[in-house]
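Contents: one structure, followed by commentary.
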Amino acid sequence: MTRALIVVDVQNDFVEGGSLAVSGGKAVATRISEHLAAHADDYAAVVASRDWHHAAGTNDGHFAEPGTDPDFVHTWPVHCVSTTGGSDYAPELATDRVTHHVRKGMGVAAYSAFEGVTDDGATLEGLLRDLGVTELDVTGIATDYCVRATVLDAVRAGFGVRLLDGMHAGVAPESSAAALAEMLGAGVVA
């Protein structure tokens, strides 16, 4: 059994003070850093994903049209624009043990880290397969959106998945509880 850690979207715009802040995001980033300090060597890879949106336009309707309010279902406030500090990893996340970086949402909506690519253009699934990974630990932001999408894609791709307790934060309690139930129903261990 070969295991990798996936750190989903722990970015400035998704933690307190960001344009699409998730309550508890900074605390999650700190706990992930502590986990990495103690356990990074347990993983064949530590992969961190980031939203990496274009500065111009709506990113294919992912950002609300200028002058309109986002619906927070399909459209969102401007966030994680690649040319801004909002797309940077949150400072509470220690990235020195990250072995691979994945960028997603370049001009389009993308929730799952499996929709992204590494710096050299590899897909996340391809990278993990090349490393012989069969099991994933998943952490990050937000439980009810990008973590959920990443976890469900991982299950569909045949990986065993653990969602690490206390190392993910959601947008809202109701949608986070529903997402957790859906992930558990798909066979995820939490």
Exercise. Considering amide H positions built from the backbone, and no H for Pro or chain starts, which residues 5 or more places from residue 163, or on another chain, come under 5 Å of its amide H?
Worked result: 138, 189, 190
Exercise. When the Karplus curve 6.51 cos²θ - 1.76 cosθ + 1.60 is applied with θ = phi - 60°, which whole-Hz ³J(HN,Hα) does each residue of segment 74-91 get, with x for Gly and Pro?
Worked result: 10, 10, 9, x, 4, 7, 6, 6, 4, 8, 10, x, x, 7, 5, 4, 4, x
Problem set entry | Karplus (6.51, -1.76, 1.60) ³J(HN,Hα), θ = phi - 60°, over segment 115-120, in Hz, Gly and Pro reported as x | 8, x, 9, 6, 4, 9
Exercise. Given a cut-off of 18 Å, what percent of all Cα-Cα pairs of segment 52-141 lie beyond it?
Worked result: 53 percent
For this session: Calculate the spin-label point distance for residue 71 paired with residue 177, positioning each point 7 Å from the Cα along the beta-carbon direction, and give it in nanometres.
Result: 2.5 nm
Problem set entry | J(HN,Hα) series, segment 95-107, from Karplus relation 6.51 cos²θ - 1.76 cosθ + 1.60, nearest Hz, glycine and proline x | 9, 5, 9, 6, 9, 9, 10, 10, 10, 9, x, 7, x
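Note the full-extension length gain between residue 44 and residue 60 as 0.36 nm times their separation in residues minus their Cα-Cα distance, in nm to one decimal. Mind showing how you got there, number by number?
Working: separation 16, 0.36 × 16 = 5.76 nm, distance 3.48 nm.
Roughly 2.3 nm would be gained on extension.
Gain in length, residue 134 to residue 37, computed as 0.36 nm per residue apart minus the alpha-carbon separation, to one decimal in nm?
Working: separation 97, 0.36 × 97 = 34.92 nm, distance 2.25 nm.
Additional length available on full extension: 32.7 nm.
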For this session: Quick one: compute a quarter of the convex hull surface over the Cα atoms of the chain and quote it in nm².
Result: 9.9 nm²
Exercise. In nanometres, what is the gap between the two model label sites at residue 120 and residue 84, each 7 Å from Cα along Cα-to-Cβ?
Worked result: 3.3 nm
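Coordinate-derived values only; no laboratory data. Note that the coordinates shown come from a computational prediction; the quantities given were computed from them, not determined experimentally. Counting neighbours? That spans all protein chains shown, and the Cβs are built from the backbone with ideal geometry, glycine included.
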